[in-house]
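Right, one structure below, let's go through it.
The values are calculated or read from the model by the stated rules, or taken from the named source; none is laboratory data. Please read all numbers here as calculations on a predicted model, not as lab measurements. No Cβ is skipped: glycine too gets one built from the backbone with ideal geometry, and neighbour counts run over all protein chains shown. These accessible areas exclude ligands, DNA and RNA; they are computed on the full protein's heavy atoms, side chains included. Shrake-Rupley method; radii C 1.70, N 1.55, O 1.52, S 1.80 Å.
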Amino acid sequence: MEHTAADIRFSDVSVTYPNGYTGLKNINLTIPAGEMVGIVGLSGAGKSTLIRTINGLVPITSGSINVGAHQLNGRGGTQLRGKDLRELRSNVGMVFQSFNLAKRTTVLNNVLMGRLYHSPAWRTLLGAWKNDDVELAMAALERVEIVPKAYEKASSLSGGQQQRVAIARTLAQRPQVILADEPVASLDPPTSHVVMRDLQRINAELGITVVVNLHFLDLARRYSDRLIGLRSGEVVFDGAGADADESVFENIYGRSLTAEDVLGNKAEL
Amino acid sequence: MSTSVTSSPQPQPKTQRPTKPRHGAKSLAAVVLLVAITIWAGIGVQVDLPAIAANWRNATTNIIQLLQPDYGFFPKTIPALLETLQMAVIATVIGSALSLPLAFLASRATNPRPKLLAGVRFVMNMIRSVPDILFASILVAVVGVGALSGIMALVLFNVGIIVKLVSESLDGEDAGAQEAALAAGASWPKANRAAMLPQILPSFASQVLYTFELNIRASTVIGLVGAGGLGILIDNVRSFFRYHELSLIILEILVLVLVLESLSAWLRKKLV
Ligand SMILES: Nc1ncnc2c1ncn2[C@@H]1O[C@H](COP(=O)(O)OP(=O)(O)OP(=O)(O)O)[C@@H](O)[C@H]1O
Ligand SMILES: [Mg+2]
């Protein structure tokens, strides 16, 4: 089996939260398969909302999103649910700021969660994984260089290692897309670079589309082919990372830049 | 902070400080109500101090008998003693096995269907509100005198407790891994099994041991209404005023409960 990639297309997507707050306004975007896209914006700009609409964790209010052969619609349109929604999600991996591992179980069991969609219910219940699935999980751990820790408790790992286990969990899905919501926000600078390079390598070597929310401008510029700037739920910049100079960022942020906005030379690798 | 207060005069606060709310009247009302309820309860059950004093003479002879256990009676208590133990073990095993899936259905964190959640919680609250001895009396009437009705009563009693405690620890558990599993395409049951179960397993095991301790004690009591074990024996010897024998049974229960409780407490400590 090959990792095949799929385009992501936003057509006039808006999200209004149940409390009436508008999270996204008329987003039109195409993310071609295999691209590495960074999303930047102030806190509350809608970065998480944007990323979470792609796997249906946040339902969209209007418009539509295509992910490969799947389509998510706004209210009134056909809703993707049940098995169809799970199939879409099985093609899209997700990495979280706080790692989201089950800390009391082993690293391997955490990575195997990426196989839950494909594993029969009785095997899941008994924890009797197929050898193929275990091998897939081990291969995923190999990519992030944590194989020796496979049978250790997830809680015994450092933050950086935990995030790499979370990345291995998405790889075990054999996904077309990986979404990462501020994956390095809880990590120190050197570890941040290790994790970002893992994502970059996965994008380059496996051709998996990577969409990553980033807080620090320098990280965003350095690790993404393309930058999307969000402000109050709208796209205010869309272009190559190299084109994004200080004035572009000041427009995205709506204020002048400060030292807080860059990870900086705190650890240059 | 405190040093600046002592070294310089207090600066004028920028915003007005809210006044501390007063609860004086409410507290007084609560105390008055509590006293009233206590007096009402005392009158209701007719606490009759002179009668207690009069009975005391009678009681002393009984107490003296109770202080002299008839050790010769021991062999005859063994079957009932074992039955009590077996009832507790079987009820704990069946009760915990039933409780684990029910706990997942009874927690907001693991059951996404509001109606099913409300239904399961309602039934569980019903079960928990019935005292174990009442279950035993009803079941003795339905399935007859003996250990079976006792076990069934204990199972219901256990399900009530374990489901409550385990579903509460599920509610308090971090749902991050479950969210990740769902985002990877897992169904709710699979996500719960893979991401939530390992997190609450230690607390589940500890609840199971705790209910076992409760079962040892409860199984002696429910026997009084005919639901098997030492309780039936207690009922027998008591109705014939054989206090030396009653005394031995009480001693046995004491030893049993103490030994098993310390064993279980030791095990639970190893778990967490
Ligand atoms: N479930 C929700 N209900 C109501 N409003 C929400 C909900 N989730 C997010 N919001 C609001 O939508 C806006 C966008 O939130 P979002 O989480 O997408 O921002 P973000 O760019 O990811 O910010 P951060 O950098 O703080 O993570 C915020 O103002 C937030 O308060
Ligand atoms: Mg966010």
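For A:D245, what accessible surface area do you get with a 1.4 Å probe? Give it in Å², rounded to 10.
80
Leaving out same-chain residues fewer than 8 places away, which lysines sit with a Cα under 27 Å from that of A:K153?
The qualifying lysines are A:K103, A:K130, B:K190, B:K269, B:K270.
Find the centroid of the Cα atoms in the stretch A:16-85 and in the stretch A:160-210, then give the distance between the two in whole Å.
21
Sum -39500 (n - 2.57) across every DSSP H segment of at least 4 residues in chain B, then divide by the residue count to get the 222 nm mean residue ellipticity, nearest 500. Walk me through the numbers before you get to the answer.
Values: 12 runs with 207 residues, N = 272.
For chain B, the value works out to -25500 deg cm²/dmol.
Just read off the accessible area of B:V166 with the full protein assembly in place, 1.4 Å probe, to the nearest 10 Å².
0
Take every Cα pair under 8 Å in the stretch A:1-151 that's 6+ residues apart, average their separations, divide by the length, and report that relative contact order as a whole percent.
The value is 17 percent.
Looking at the square roots a ≥ b ≥ c of the eigenvalues of the Cα gyration tensor of chain A, which shape do they give, rounded for a/c under 1.5, prolate if a/b is larger than b/c, or oblate?
Oblate, since a/c reaches 1.5 and b/c is not below a/b.
Of A:L227, B:L214, which has the most accessible area and how do the rest follow, probe 1.4 Å?
B:L214, A:L227
If one takes the accessible area of chain A alone plus chain B alone and subtracts that of the pair, with a 1.4 Å probe, what total in Å², rounded to the nearest 100, results?
Values: alone 12260 and 17280 Å², together 27740 Å².
By this definition, chains A and B bury close to 1800 Å².
Any chance you could check the Cα centroid distance between the stretch B:198-240 and the stretch A:86-107 for me, in angstrom?
After rounding, the separation between the Cα centres reads 43 Å.
Let me understand the protein assembly as shown better: what is its radius of gyration from the alpha carbons, and its Dmax, in angstrom?
Spelled out, the Cα radius of gyration and Dmax of the protein assembly as shown are 32.3, 101 Å.
Could you report the accessible area of A:F237 in Å², rounded to 10, computed with a 1.4 Å probe on the protein chains as they sit in the structure?
30
Working from Cα positions, state the angle (0 to 90°, nearest 10) between the long axis of helix B:243-271 and the longest principal axis of chain B.
30
Could you order A:H70, B:H23, B:H244 so the one with the most accessible surface comes first? Probe is 1.4 Å.
On the way: A:H70 30, B:H23 105, B:H244 65 Å².
From most exposed to least exposed: B:H23, B:H244, A:H70.
Could you sort A:I252, B:I250 by accessible area so the largest value comes first, with the probe set to 1.4 Å?
Solvent-accessible surface, decreasing: B:I250, A:I252.
Taking the Cα centre as origin and putting +1 on Lys and Arg beta-carbons and -1 on Asp and Glu beta-carbons, what dipole magnitude results for the stretch A:111-269, to the nearest 20 debye?
Working: 17 positive and 22 negative charges, 151 e Å.
Using only the charged Cβ atoms, the result is roughly 720 debye.
Computing the accessible area with a 1.4 Å probe over protein heavy atoms, can you report the carbon and sulfur percentage for the stretch B:73-271? Present the calculation step by step, with values, prior to reporting the outcome.
On the way: 6510 of 9010 Å².
Accessible surface attributable to carbon and sulfur in the stretch B:73-271 totals 72 percent.
Counting only helical runs of four or more DSSP H residues, what would the 222 nm mean residue ellipticity of chain A come to if each run contributes -39,500 (n - 2.57) and the total is spread over all its residues?
Helices in chain A give a 222 nm mean residue ellipticity of -9500 deg cm²/dmol.
With the crude spin-label approximation of a point 7 Å out along Cα→Cβ, what separation in nm comes out for A:E205 versus B:V123?
5.1
What distance in nm separates the simple spin-label points at A:S256 and B:I52, each placed 7 Å from Cα in the Cβ direction?
8.2
Would you work out which of A:I202, A:S256, A:A69 lies farthest towards the positive end of the dipole of chain A? Charges go on Cβ: Lys and Arg +1, Asp and Glu -1.
Positive-end residue among those listed: A:A69.
Mind putting a number on the dipole of chain B about its Cα centre? Charges go on the C-beta only, +1 for Lys and Arg and -1 for Asp and Glu, and I need it in Debye to the nearest 20.
For this selection, approximately 1100 debye.
Taking 25 Å as R0, compute the FRET efficiency from the Cβ-Cβ separation of A:N26 and B:D171 and round it to 0.05. The partial results should precede the final answer.
Values: r = 39 Å, r/R0 = 1.54.
The calculated FRET efficiency here is 0.05.
Calculate how steeply helix B:49-66 sits against the longest principal axis of the alpha-carbon atoms of chain B, using the helix alpha-carbon long axis, and give the answer as 0 to 90 degrees to the nearest 10.
70
With charges only on Cβ, +1 for K and R and -1 for D and E, what is the dipole size of the protein assembly as shown about its Cα centre, in debye, rounded to 20?
Computed about the Cα centre, the dipole is about 1240 debye.
So how far apart, in nm, are the two label points at B:H23 and B:I78 if each is 7 Å from Cα heading toward Cβ?
For the pair B:H23/B:I78, the computed spacing is 5.9 nm.
With springs only between Cα atoms under 10 Å apart, run a GNM on chain B and tell me which of B:L28, B:L49, B:L170 wobbles the most.
Most flexible of the set in this elastic network: B:L28.
Could you tell me the calculated FRET efficiency between B:L258 and B:V32, based on Cβ-Cβ distance and R0 = 35 angstrom, to the nearest 0.05?
0.25
How large is the Rg to Rh ratio of the stretch B:155-272 when both quantities use alpha carbon positions and Rh follows Kirkwood?
Result: Rg/Rh = 1.20.
Could you work out the relative contact order of chain B? I mean the mean sequence separation of Cα pairs under 8 Å and 6+ apart, divided by the number of residues, in percent.
With pairs under 8 Å counted, the relative contact order is 25 percent.
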